[in-house]
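Student: Encoded as C-alpha cells, here's the structure I'll be asking about.
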C-alpha cells in the first residue's frame, strides 16, 4: 500500500548507485526513441541548424591548425570572418566539433541531440531522487528527457546550445536546495547544512551553464536569486542568501575566461542587433501577432507549448494536492510543490505583456529575446511534479516496473506526435552535403548581424573576394549598398571595378587565426584582406606593428604598404580583457580548493555524527 506511516522521501546526498541503473536504462531508452526519427529520416534542419553546423566544422578545422580554443570564425561573412566564438559560449560548439570529428557531420547533430536529452534526463533524475522514490524519479526524468520544449528545440529550432543547457537547469535547483551533511529531520542538522552547503557543486554548475548558453545562464542566475530569497524567508536563515550568492559568484568567476571578454568586447560589435525587430521581448509575448509570418508561426507554436506545460503542471499539482494525505508526502516535499506553483506563476506572468517593465529594467534579461525561453525551467518543474503525480496514481496497483513502462509508453506516443509536428525537412537548395562542400571550398556564408564589428556594414561584403587586393585607395571596390536590392543581388559575386596596382602577391599561410603574405609593389598602396578588421588582430608589416589602419565601410582590414617588398603578418593576440578573464578564472579555481576541503570535512563530521 502506498499510504504508510513512513513519509515519502527520496535518498538525499547519495551518489548514483547500482540501484539507479534501471532508471538510467529507462532514460537511455527515452532519449534513444527521441532520436530514432533522425536516424531514419535524416537530420531535422531547424532554424539554427546552419549556424551551429558551421561553428562545429570551423572548430574542428582550427583544432587541426593547432588552435585549441578558437576565437574567430573564419567562414562567416563569405570568408571575412566574425568573432563569434568570443560571444557564443564554448560548450555546445566544442561538443559538436568533437562528435563530428569522431564520426561525421551527418551523424554529429543526431548524437548531439541524444547526448543532450540523455544527460538532461539524468540531471532531473538526480534532482527528483532527492525528494521522491527511485521509480517516481525515473518517471519524472523520462518526462523531462523528451518534454515538448526540448523536442521543439531539437527539431524545429535546432537550438543546440539551449538544448544542452537543459542539462544544467535541474542541477541549479538541486544544489540550491540540497544541504551537505544535513539530516532532514534535524533542526540542528539543517542549520549546519545551511552554513556549509553544496557551494562547490553549485559553483561548477553555474559555471557550466554560463559556458553552455548565455540566455539559459541569465535565467539560471535569476532562478538562483529567487530560490535564495525564498529559502532565506522560509528558513529565517539570512546566511542562505550569502551561501547561494557566493556559490553563484564563484561559478561566474570560474567561467570568467569566457564571460569577461564577452561582456567587455560587446562594445566592439553591433550586439544591439541581437534584439532587433521580431527578436525583441515585446514582439514575443504569449500569442502575439506582430512581425513577419515566420515569426508569428514560431510564436504560435511556442505559445501552445507554454499553455500545454502550464496545464500539465497544474493538473499534476492538483492530483498531488488532492492525494496529499493518502500519498503521505513529506512536509519538505509539500513545500517543494508550493514552490513549483510559485515558479510556474512567475514564468506565466513573464509570458504576458503586463511583465514588460520587468523585461525593460532587469539587468541583461532583454537578451533572452523570447519570453518563452523560460519554458526551459518550466519543463523541469513540469517533469518533476508530473513524475510524482503519475507515480502516486499507479504505484498502489502496480510494481515499479509497470509504472515506468506505462509512463514510457505514453511518452512514446507523445514523442511521435511532437516529432511529426516539429520535424523540418532538408532544403533542396541548401542540403547538408552542399553546406559541407561550401565550407570546404572556403567560399563562406552570410555573417551574423550582432557579431559585426562596430562601424562596419557586413551586407556590403561581396562573395568570392580574393584573399588580398592591392588598391590605390582604402575604400576602392566597396559594394554600393544604396543600390536597390531589386536591381542587384544582396552580397553579389565580386567583380573587379577599380584598377589594381601592379604587384606580386605570395600567400605563405592563410589560417583562421594566422595569416602570412609577401607583397612586392612598385608604388605605395593599400592591401585589402578578405578579413574583417577587429581589435583582436595584430598586424605586422616587416615586423613593425600597424595600429593606425584606414577604415572601410564594409569593415575589411586595410594595410598601408610602401613601395618594394613587404611581409604582412596578421595573427590573433589576447586582448587585456581576455588576460583578465583567465586570471579571474585561475583565482576562482584556487578559491574553490579550500571550500571543497571544508565541505569534505563537513561531510565526514556529519557521517560520524549520524553513526553515533
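Please treat every number below as a calculation from the coordinates, not as lab data. In this text the structure is predicted, and so the values were computed from the model without any measurement. We place every Cβ from the backbone using ideal geometry, glycine too, and count neighbours over all the protein chains shown.
Student: Rounded, prolate or oblate: which fits segment 218-292 when a ≥ b ≥ c are the square roots of the eigenvalues of the alpha-carbon gyration tensor, with rounded for a/c under 1.5 and prolate only if a/b beats b/c?
Tutor: Cα axes put segment 218-292 in the oblate bin.
Student: Which order, highest average first, do 357-367, 52-62, 511-521 follow once you tally other Cβ atoms within 10 Å for each residue and take the mean per peptide?
Tutor: Per-residue Cβ counts within 10 Å, averaged per peptide and sorted highest first, yield 52-62, 511-521, 357-367.
Student: I would also like to ask the following. Evaluate E = 1/(1 + (r/R0)^6) for residue 40 and residue 294, where r is the Cβ-Cβ distance and R0 equals 35 Å; express this FRET efficiency to the nearest 0.05.
Tutor: After rounding, the FRET efficiency stands at 0.80.
Student: Between the helical axis of 134-145 and the dominant principal axis of the chain, each derived from Cα atoms, what acute angle in degrees is found, rounded to the nearest 10?
Tutor: 30 degrees
Student: Of the DSSP beta bridges with both residues in the chain, give the percent that are antiparallel, rounding to the nearest 5.
Tutor: Of all bridge pairs located within the chain, approximately 95 percent are antiparallel.
Student: If contacts are Cα pairs under 8 angstrom and at least 6 residues apart, what is the relative contact order of segment 534-579 in percent? Walk me through the intermediate numbers first.
Tutor: Values: 49 pairs, mean separation 22.4, N = 46.
Relative CO of segment 534-579 lands at 49 percent.
Student: Taking percent of Cα pairs over 38 Å apart straight from the coordinates, which label in [x] 46; [y] 38; [z] 33 is the correct one?
Tutor: Correct label is [y].
Student: Kindly state, to the nearest 0.05, the FRET efficiency for residue 518 paired with residue 239, given R0 = 60 Å and r defined as their beta-carbon distance.
Tutor: Given R0 = 60 Å and the Cβ-Cβ separation, E is 0.40.
Student: Stretch residue 475-residue 505 to full length: gain in nm at 0.36 nm per residue minus the Cα-Cα span?
Tutor: 8.8 nm
Student: Determine, from the Cβ-Cβ distance of residue 361 and residue 267 and an R0 of 25 Å, the FRET efficiency 1/(1 + (r/R0)^6), rounded to the nearest 0.05.
Tutor: For residue 361 and residue 267, the calculated efficiency is 0.75.
Student: So, one more: Please work out the Kirkwood hydrodynamic radius for segment 211-354, using every pair of different C-alpha atoms, and report it in angstroms with one decimal place.
Tutor: Hydrodynamic radius (Kirkwood, Cα only) of segment 211-354 equals 18.6 Å.
Student: With labels modelled as points extended 7 Å from the Cα through the Cβ direction, what inter-label distance (nm, one decimal) is found for residue 587 paired with residue 19?
Tutor: 4.5 nm
Student: Per residue, what volume in Å³ does the Cα convex hull of segment 299-380 take up?
Tutor: Measuring per residue, one finds 99 Å³ for the Cα hull of segment 299-380.
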